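Participant: First the structure, which I've put down as structure tokens, then a few questions once you've had a look.
The values are calculated or read from the model by the stated rules, or taken from the named source; none is laboratory data. Quick caveat, the model's predicted, so the values are computed rather than measured. Ideal geometry is used to build each Cβ from the backbone, glycine not excepted, and the neighbour counts take in all protein chains shown.
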Amino acid sequence: MAEDAGFLSRWSRRKAELRSGVATVPPVPPVPEPAVVAVAPPAPVAEQQPNPAAPPAPTMDDVALLTRDADFSRFVAPSVDGDVKNAALKKLFTDPHFNVMDGLDTYIDDYGKPDPIPASMLRQMVQSRLLGLFDHEEEEKPPEPPALPVATAPAPTASLPEPAPDENLDLRLQPDDDAGRAGLEPRPGEDAGRQH
């Protein structure tokens, strides 16, 4: 058999053989029988007898005698009762030496409590005026002295109509003297091409 060029050529050739019905299935090598290995039955597990040389498991009475300098390792052994273990650890961590926060705990602060806005900044906010947060302070202020009249330039010869009481004089339009006389047509060059 000639050397195959690669995976795709082998795949293409086998696909063509399957279509034509002349498929050649490679023989499957026989699987050898597994060898039977004799396993000895497990030895009976002897009852675990407490080591006579080992000290007895600590009790709640031993927890009451614990001090800061005591050895806590015997209270966390696997053979110690869970209540005794928890009581010993509780006594360890109630000691002020171990009960000091280091300040590195991210979630220790109450982030539900907002930072207060200073009152001086709050007075300047439009929202506080709209809500009327400082209306009581405005009522307590003494009334301001009346403003002194501002000296104005002499009035032009043409008299202006009297301003309304709520009108702002700074925003008032001045008469336009360059508007021209009424009834005159524009001169050539001034909007000559504009149609009316």
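Participant: Going by what's in this entry, would LEU122 be described as out of contact with any strand residue (DSSP E or B) (no Cβ under 7 Å at 6 or more places or on another chain) and under 30 Å from PHE134 (Cα atoms)? Spell out how you get there, then give the answer.
Facilitator: Numbers: out of contact with any strand residue (DSSP E or B) (no Cβ under 7 Å at 6 or more places or on another chain): yes; under 30 Å from PHE134 (Cα atoms): yes.
Spelling it out, LEU122 is indeed out of contact with any strand residue (DSSP E or B) (no Cβ under 7 Å at 6 or more places or on another chain) and under 30 Å from PHE134 (Cα atoms).
Participant: Do you know which residues across region 82-135 are surrounded by 11 or more Cβ atoms within 10 Å (Cβ to Cβ), within 23 Å of ARG68 (Cα to Cα) and without any contact (Cβ under 8 Å) to a residue 12 or more places away in the chain?
Facilitator: Within region 82-135, LYS85, ASN86 meet the criteria.
Participant: Within region 30-63, track down each residue that is loosely packed, with under 10 Cβ neighbours inside 10 Å, within 30 Å of ASP83 (Cα to Cα), of a type in the set (A, V, I, L, M, F, W, C) and at pLDDT 70 or above.
Facilitator: Result: ALA53, ALA54.
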